[in-house]
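The values are calculated or read from the model by the stated rules, or taken from the named source; none is laboratory data. Being a predicted model, the structure only gives us computed values, none of them experimental. All Cβ positions, even for glycine, are placed from backbone atoms using ideal geometry, and neighbour counts span all protein chains on display. Side chains included, ligands, DNA and RNA excluded: accessible areas come from the protein's heavy atoms. Shrake-Rupley method; radii C 1.70, N 1.55, O 1.52, S 1.80 Å.
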Amino acid sequence: MIDSPSLTLKRDIDEYLQWMISAGYSFQTCDTYRNELNNFFLFIIQKQIAWHDIFTLNTLKKFQNNTQTSTGPAVRGLWQYLFDQKRLHQPIDPPRRRLPDPYEDYLLYYNQTREVSSIKLAHIRRVLCAFHDYLERHNIKLSLIRIKQIDAFLAEFFTGFSANTRITYRSYLRGFLKFLYYSRRIIRKDLGPLVVGARQVSQSTPPKFLRSHEIQRLFDSFEFSSFKNIRNYALIHLAYGLGLRPDEISRIILDDIAFAQSELTLTARKNDCPIKLPIPENTMKAIAAYIIGARPKSSHRRLFLNLVAPYRPICATSVGQHITECMRKAGLPGTAYWLRHTYAHNLLEAGASVYEIKEMMGHNTINSSEKYLNIHIELMRKVICGEEL
């Protein structure tokens, strides 16, 4: 017979797994978490562990020894979820070490402006902790930092990391240095652009995109029988019809949309240049259908929300996962960024210049936009070689 604490645990596990689905976790991840949490649930029943002893490090260690595996992310994720819901009094991890104000200010600013996951924020904190420790060991003042010292730190810190991880961690440090210069004026120069790795020209590949018949197949695959499909239909229209990044889609608020003018105002772009974009008719209809027929009633002003209570704004990762899931169901390869690339390809075919593409796509530099010339060989020959075909 299952006692009351176990019933409570079973209910919490089911709710957490349902939340994962609504938050856009992949089916494979959800299945993996479900298996681990079922094993954890059976372990709690067999050992007759009381509720107040379930979420303790001692219980997790016993569970680890019982299964002869390391405690995976599922139990830790459930613990964090219940703590966030105020059902547990303490988080699974001890309080994080506090960094000096400039570092903490940046982490707060980044979280408020990007609304990233706690995991990504922890990775950024890891880089900043290592950077601060390096400066302390070498008696270097943050306000007097030089690029040579940053290079020396990265050479030491990057030992054992893969090339892709190094690229990611450099971007975290660039963002911090940009913040120090533009927002706090702590350093005299923006050193961020100087934090670069070796150029990997040989690994550069043209952006991938979908052809017209594949786009048609994607839209034809939709059945508007659920709130989720109606929402995802609007997500895909914004990615394809306006070339928006998942992050940009996730941060749209209702006030950004001018329905009478069919315009979308993007105030926060990667290049820090706000822009007004015309909304195609089909995209506007998809947005309206979602707002009227599928968007939960909520005080949140964000356009896209989770469909399971509590109705919180969805994050950029969820946007990308929802779009990719729809593409998979339609039998198409690729990710959400393929739709963005397809938008650039369509601009190019319509005769837009590389400079116009830069503005419409929100690129920081013209070099990012020039990549799209590679996706259309005939136009590339015409633009670069001046050949009339």
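Key figures
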quantity: Net lengthening on full extension, D133/R98 (0.36 nm per residue, minus Cα-Cα); calculated: 11.4 nm
quantity: Label-reachable residues, the stretch 210-235, where backbone N falls under 17 Å from a point 7 Å from N282's Cα toward its Cβ; calculated: 210-224, 230-235
quantity: For the chain, built as a Gaussian network whose Cα springs stay under 10 Å, the top-fluctuating residue of K358, K178, K61; calculated: K61
quantity: Compactness relative to 2.2 N^0.38 Å, alpha carbon Rg of the stretch 26-84; calculated: 1.09
quantity: Bins of 10 Å, starting at 0 and running to the largest distance - Cα pair percent for the stretch 145-285; calculated: 9, 26, 25, 23, 14, 3
quantity: Whole-percent carbon and sulfur share, accessible surface of the chain, 1.4 Å; calculated: 52 percent
quantity: Shape call, the stretch 110-179: gyration tensor on alpha carbons, a/c limit 1.5; calculated: oblate
quantity: Projected-area mean, the stretch 256-319, by convex hull of Cα positions, square nanometres; calculated: 5.1 nm²
quantity: Rounded if a/c under 1.5, otherwise prolate or oblate - the stretch 214-367, Cα gyration tensor axes; calculated: oblate
quantity: Over the chain: Kirkwood hydrodynamic radius from C-alpha pairwise inverse distances, Å; calculated: 24.1 Å
quantity: Cβ-defined net charge surrounding G293, 15 Å radius [Lys, Arg +1; Asp, Glu -1]; calculated: +4
quantity: Residue-normalised accessible area of the stretch 216-263, given per residue in Å² at a 1.4 Å probe; calculated: 42 Å²
quantity: Cα-only Debye scattering, the stretch 219-271: base-10 log of I(q)/I(0) at q = 0.26 Å⁻¹; calculated: -1.11
quantity: Computed [θ] at 222 nm, helices only, for the chain once each DSSP H run of length n ≥ 4 contributes -39500 (n - 2.57); calculated: -18000 deg cm²/dmol
quantity: Highest-fluctuation residue, R98, R301, R125 considered, GNM on the chain with Cα pairs under 10 Å; calculated: R98
quantity: Extension gain from D53 to A155, taking 0.36 nm per residue of separation minus the Cα-Cα distance; calculated: 32.3 nm
quantity: Added length on full extension, which subtracts the Cα-Cα distance from 0.36 nm per residue, K141 to I291; calculated: 48.9 nm
quantity: Hz values of 3J(HN,Hα) by residue in the stretch 76-89 - Karplus curve (6.51, -1.76, 1.60), Gly and Pro given as x; calculated: 5, x, 4, 4, 5, 4, 5, 5, 4, 7, 6, 9, 10, 8
quantity: The chain: relative contact order in percent, alpha carbon pairs under 8 Å with at least 6 residues between; calculated: 15 percent
